[in-house]
Amino acid sequence: MDKMMDNPWFLRIMALLLAFLLFFTVKSGDEAVDSAGSGTVTEEIEDVALEVFYDDTNLMVSGLPETVDLTISGPTSIVQTTRQLKDFTLFVDLRNLTLGEHQVPIQTENLSEELRVQISPAFIDITIEERVTQEFRIDPEINERLLAEGFVLKGITAEPKTVAVTGPKSVIDAISFVKATVTGEAGLDDSFTTEAGPGSCQ
């Protein structure tokens with residue numbers, strides 16, 4: 001044993017082994033400290049308002065959800081701050097798109113680069129159409145079963161006689177007239193004026 005201890009190669013090998021052991025012991029301790037100090041968590045933030053950028057004076061867009069869900073993963077402190085402050089924005093930018101159908105990605109603004117982000121849905125299918133306003137005649141109607149027994153409806157008129165309807169061109173082109181429905185209690189036996197409830201477009 002004394003001869004081995006006196007061998008310079010033996011001493012070099014032992015020193016090398018001790019150096020490796022010390023290195024991995026210190027590295028393992030550092031990783032444990034880092035993991036405990038900056039753990040990674042995942043949080044879901046539901047019903048985040050979706051902002052939309054487009055020419056809402058001349059165009060109309062269908063297929064847009066009002067809210068989407070956001071899942072963020074990253075350091076605990078950043079995730080918690082993001083969830084509490086909610087000072088980020090989720091949006092779609094349609095300003096450079098043409099009329100027609102498109103699939104567009106939902107984009108983010110003011111989220112830390114240290115976060116992993118998942119949006120549900122990540123893409124949305126939308127239709128961009130020309131915004132159109134057109135006047136239509138109003139056809140008033142009443143359920144004649146509301147009339148008292150022995151009475152008949154002689155006439156019904158609406159004022160104003162027309163209404164302006166604004167919407168996507170495809171929808172406006174499909175409308176020929178607007179109905180206004182008159183409601184009331186059963187047993188009507190005299191002329192009257194009332195405000196008609198919402199009807200339907202046909």
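Brief remarks on what is shown
- Residue check, residue 130 touching a Lys or Arg at 6+ places or on another chain (Cβ under 8 Å) and either within 29 Å of residue 166 (Cβ to Cβ) or of a type outside the set (Asp, Glu) (or both): yes
- Among residues of region 148-158 being touching a residue at least 24 places away in the same chain (Cβ under 8 Å) and more than 29 Å from residue 173 (Cα to Cα), the one that is most open to solvent (accessible area, probe 1.4 Å) is 151.
- Of all residues in region 162-189, those being of a type in the set (D, E, K, R) and surrounded by 12 or more Cβ atoms within 10 Å (Cβ to Cβ) number 2.
- Filter pass, residue 151 being in a loop (DSSP other than H, G, I, E, B) and over 29 Å from the mean Cα position of the chain (by Cα): yes
- Remark: pairs (first residue in region 134-147, on the phi < 0 side of the Ramachandran plot; second residue charged (D, E, K, R) and part of a strand (DSSP E or B); Cβ separation under 6 Å; 6+ apart in sequence or on different chains) = 139/179; 141/179.
- Tally, over region 76-131, of residues that are open to solvent by 40 Å² or more (accessible area, probe 1.4 Å), within 27 Å of residue 54 (Cβ to Cβ) and assigned to a loop (DSSP other than H, G, I, E, B): 10
- Condition check for residue 100: within 29 Å of residue 166 (Cα to Cα), touching a residue at least 60 places away in the same chain (Cβ under 8 Å) and not hydroxyl-bearing (Ser, Thr, Tyr): no
The values are calculated or read from the model by the stated rules, or taken from the named source; none is laboratory data. Values in this document were obtained by computation on a predicted structure and should not be read as measured data. Ideal geometry is used to build each Cβ from the backbone, glycine not excepted, and the neighbour counts take in all protein chains shown. Only protein heavy atoms, including side chains, enter the accessible area calculation; ligands, DNA and RNA are left aside. Shrake-Rupley method; radii C 1.70, N 1.55, O 1.52, S 1.80 Å.
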